[in-house]
Amino acid sequence: MCWLPRLQLGLLAVTQITFDFASGSQMTKEAAFGQGIRRISAILQTLGRGPDSGLRLTDVALETDLNKATVHRLLNGLCQVGLVEPDPLTGRFHLGPEMFALGSAAAKRFGLNGIARPHLVRLEGKTNDTNYLSVRSGFESVCVDRCEGSYPIKVLTLNIGDRRPLGIGGGGLTLLSFMPDDEIELAIEANKERLAAFPTVDIPKLYSLVEASRQQGYAFFDGYVIPEMSSMGVPVMGPDGRVIAAIAIAAISSRLQRDRREVLLEMMNAEARALEASLLSLTLNGPVAPDDVVDHKPGIPTTAERRRRSDR
C-alpha cells in the first residue's frame, strides 16, 4: 500500500505538533501522545457525522470542544496524509481519500457488511420497508449498512456511518437492551449528557424501554425522535451469546402497529438467525447444523457452538 509511508510520516507530524504544544506543561510525552490520538479521533468522528457539504473549522472546534488553534494544527496534519480533505472553494473539511482506503480495509477485515447485505436485501424484498444494520462502538450505535425500501413513503433516519447514543432508535435500543446489565448501566451513565438532546427519552423511560425490549424479544422505538416515525429492531448474537449487531426496520408509525410488528418480527428473526449462522460458519469447522438457522434463540448456545465448546 503506497500510502502507508505517507500516513506514518503524517501521523508523526501530527503527534509531534501535540508534543510541542504540550511541552510547556507537566504532561509526559506518553500522556501527550494519548491526548493527541483522542483529539484526532474526535475530529475524524465529527467529520464523519457531518453533512455532505463538510464542516468549517469553527464547527469542528465546537463539536470537539477543542480550541481553534489546536483544531487548525491537527486538521493541517491530517490533510497532509489525506485523512482529511479541504474543499478549495468553501474551505470546509471532509474525510479524505485515505479514510476511504482505511475503511475499505477494515470492511474486508471484519466482513460483516458483505455477509449481512443479502439478508438486508431479502428482508426489504419481503417488507418493502427500509432496514438498517447497526453495531456498537463504545457507548454509541453506528449504522454500517442501509437497504432502502420500495414503499413510497421512505423513512431515512440514518445514513451509513451515522452515530447515536446507545438506546436511541430501533437499532440503538436493540444493542443496549441485549447487553449485560452492568454494561447497560455504564452506557446510560456515560451518555447522560447526550441523551438530554432527546427529551422524550429520559433515563427512566430508557430503562423501561430496555425492560420491554427484553420481555418481548425485540426493541420498539415509537416516534421518540421524529413524530410519526417508528422503528423496531432484533439482535444478532455472536457465538459467545453477546449481541454483536442489530437489524432494524424504520417506517411511518402506521406501518408498525402491533399486528404488523408481529409479522415483521418473524421475518426479522429469521434473517437475524440466518446471519448468525453465516457468521458462525466463518469461525467453525464443518457445516452449520439446521437448528443453528431455524431454532436458535438469542443467548442460547447453538449446536455449532456446543460442538466448539466440547472440542476445547
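Only one of the numbered conditions (1) farther than 24 Å from Arg194 by Cβ; (2) among the charged types (D, E, K, R); (3) over 23 Å from the mean Cα position of the chain (by Cα) is not met by Glu98, and that is (3).
Restricting attention to segment 136-147, does a residue exist that is more than 11 Å from the chain's Cα centre (by Cα) and of a type in the set (Ser, Thr, Tyr)? For segment 136-147, residues more than 11 Å from the chain's Cα centre (by Cα) and of a type in the set (Ser, Thr, Tyr): absent. Cβ-Cβ distances below 8 Å connect the following pairs, each with a first residue in segment 237-260 that is farther than 16 Å from Leu176 by Cβ, a second residue that is among the aromatic types (Phe, Trp, Tyr), and a separation of six or more residues or different chains: Ile249/Tyr132; Ala250/Tyr132; Ala251/Tyr151; Arg255/Tyr151; Leu256/Phe220.
The single condition among (1) surrounded by 21 or more Cβ atoms within 10 Å (Cβ to Cβ); (2) part of a strand (DSSP E or B) that Glu276 does not meet is (2).
The rows are residues; the columns are (1) assigned to a helix (DSSP H, G or I); (2) aromatic (Phe, Trp, Tyr); (3) on the phi > 0 side of the Ramachandran plot.
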site: Ala212; (1), (2), (3): yes, no, no
site: Tyr224; (1), (2), (3): no, yes, no
site: Asp240; (1), (2), (3): no, no, no
site: Ile247; (1), (2), (3): no, no, no
site: Ala250; (1), (2), (3): no, no, no
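If you go through segment 57-77 and keep only what is among the polar types (S, T, N, Q) and in contact with a Lys or Arg (Cβ under 9 Å, 6 or more places away or on another chain), you end up with Thr58, Thr64, Thr70.
On the given criteria, is Ala31 farther than 26 Å from Asp162 by Cβ and either free of Cβ contacts under 8 Å to residues at least 24 places away in the same chain or within 23 Å of the chain's Cα centre (by Cα) (or both)?
So Ala31 fits the description; yes.
Taking into account only those residues within segment 148-173 that are more than 23 Å from Val201 (Cβ to Cβ) and not acidic (Asp, Glu), which is farthest from the chain's Cα centre (by Cα)?
Top of the filtered list is Pro152.
Exactly one residue out of Leu47, Leu83, Leu9, Leu89 is at pLDDT 65 or above, over 25 Å from Val144 (Cβ atoms) and not assigned by TED's automatic domain parsing to the domain that holds Val142, and it is Leu89.
Answer yes or no as to whether Ser253 is over 21 Å from Asp145 (Cα atoms), surrounded by fewer than 18 Cβ atoms within 10 Å (Cβ to Cβ) and of a type outside the set (Phe, Trp, Tyr). Yes: the conditions hold for Ser253. Of all residues being part of a loop (DSSP other than H, G, I, E, B) and among the β-branched types (Val, Ile, Thr) in segment 187-210, which is surrounded by the fewest Cβ atoms within 10 Å (Cβ to Cβ)? Just the residue, please. It comes out as Thr200.
The values are calculated or read from the model by the stated rules, or taken from the named source; none is laboratory data. Owing to the predicted nature of the structure, the values given are computational and were not obtained by experimental measurement. All Cβ positions, glycine included, derive from the backbone under ideal geometry; neighbour counts span all protein chains shown.
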